[in-house]
Amino acid sequence: MARSLFNGVKPLVTFVLGGPGSGKGTQCKLICEEFGYKHLSAGDLLRAERNSPGSQYGEMIERYIREGKIVPVEVTCSLLEAAIDEHCRELAANVRSDQGGDGVSKPRGKFLIDGFPRNEDNLNGWNRQLADKVEVSFVLFLECPHDVCIKRCLDRGQMGSNRSDDNEESLRKRLVTFTQDTMPIVDHYRNLNLLRIIDANKPAAEVYAQVRQLFL
């Protein structure tokens, strides 16, 4: 029997996919504020690990990000599992505290994972390491034209995002990678009837008006 990450209750996961600049981070923030999800960005986890003093993966992650390539799945899945486990432990501790230590109630951890799975290797790695430990509800796909994605990311860079990949050369490489590697994953979930497509070429508030309907 597959091990669950939290007191026998499988966490609920929604994947959020879309090109760089499609608005994944913005929409995830709004979903979390209204519906109580925990946002896990695969990219943010990798960048945090890259910047962590003494990290065994830091230099390798930096090289992959700069070249617009996808970091090996074992690293990404390990970081995701650790983050899910940490949040579920926090939930469990809060329940024990609220109930005076008996912990009868078992609240379910709910997670948005954005920027993952990005290719077939990601998907296979997820299936090996985490698929049996969580429940995937659906995949939210933010569809946005590439020229709009590039403009948004360049604007973000000018505003001081401090991301080494917010430059046109890296962005174009990332969009090529997205088309070649991630769109087949989008099609995979479409075939499983788990894909929910949202037009992200609109102001964030208009996009969220569509997105929130999926969580009601």
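The values are calculated or read from the model by the stated rules, or taken from the named source; none is laboratory data. Quick caveat, the model's predicted, so the values are computed rather than measured. With ideal geometry, Cβ positions are generated from the backbone for all residues, glycine too; neighbour counts draw on all protein chains shown.
Please determine, by comparing only the residues of segment 157-172 that are buried (at least 16 other Cβ atoms within 10 Å of the Cβ) and not acidic (D, E), which one is modelled with the highest pLDDT.
L171
Hey, does segment 3-19 have a residue that's part of a strand (DSSP E or B), in contact with a strand residue (DSSP E or B) (Cβ under 7 Å, 6 or more places away or on another chain) and surrounded by fewer than 19 Cβ atoms within 10 Å (Cβ to Cβ)?
Checked segment 3-19: at least one residue is part of a strand (DSSP E or B), in contact with a strand residue (DSSP E or B) (Cβ under 7 Å, 6 or more places away or on another chain) and surrounded by fewer than 19 Cβ atoms within 10 Å (Cβ to Cβ).
More than 22 Å from R63 (Cβ to Cβ), out of contact with any Phe, Trp or Tyr (no Cβ under 9 Å at 6 or more places or on another chain), buried (at least 18 other Cβ atoms within 10 Å of the Cβ) and modelled with pLDDT of 95 or more, is that true of L192?
no
Test S22 against the criterion of being under 28 Å from E169 (Cβ atoms), of a type outside the set (F, W, Y) and surrounded by 17 or more Cβ atoms within 10 Å (Cβ to Cβ), and give yes or no.
Considered against the rule, which asks whether it is under 28 Å from E169 (Cβ atoms), of a type outside the set (F, W, Y) and surrounded by 17 or more Cβ atoms within 10 Å (Cβ to Cβ), S22 comes out as yes.
Residues checked against (1) part of a strand (DSSP E or B); (2) free of Cβ contacts under 8 Å to residues at least 40 places away in the same chain:
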{"position": "R108", "(1), (2)": "no, no"}
{"position": "F111", "(1), (2)": "yes, no"}
{"position": "S137", "(1), (2)": "yes, no"}
{"position": "V148", "(1), (2)": "no, no"}
{"position": "G157", "(1), (2)": "no, yes"}
{"position": "L175", "(1), (2)": "no, no"}
{"position": "I185", "(1), (2)": "no, no"}
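Considering segment 73-85 alone, what residues qualify as being of a type outside the set (A, V, I, L, M) and either within 15 Å of I113 (Cα to Cα) or touching an Asp or Glu at 6+ places or on another chain (Cβ under 9 Å) (or both)?
Within segment 73-85, T76, C77, S78, E81, D85 meet the criteria.
Take the residues in segment 23-59 that are under 13 Å from the mean Cα position of the chain (by Cα) and not in a helix (DSSP H, G or I), then tell me which one is nearest to P145 (Cα to Cα).
G23
Could we say that Q129 is surrounded by fewer than 19 Cβ atoms within 10 Å (Cβ to Cβ) and touching a residue at least 24 places away in the same chain (Cβ under 8 Å) here?
Yes: the conditions hold for Q129.
Among the residues of segment 92-123, what is the count of those that are at pLDDT below 90, of a type in the set (A, V, I, L, M) and surrounded by 15 or more Cβ atoms within 10 Å (Cβ to Cβ)?
The number of residues fulfilling the criteria is 2.
What's the number of the condition A48 fails, among (1) buried (at least 17 other Cβ atoms within 10 Å of the Cβ); (2) modelled with pLDDT of 90 or more?
(1)
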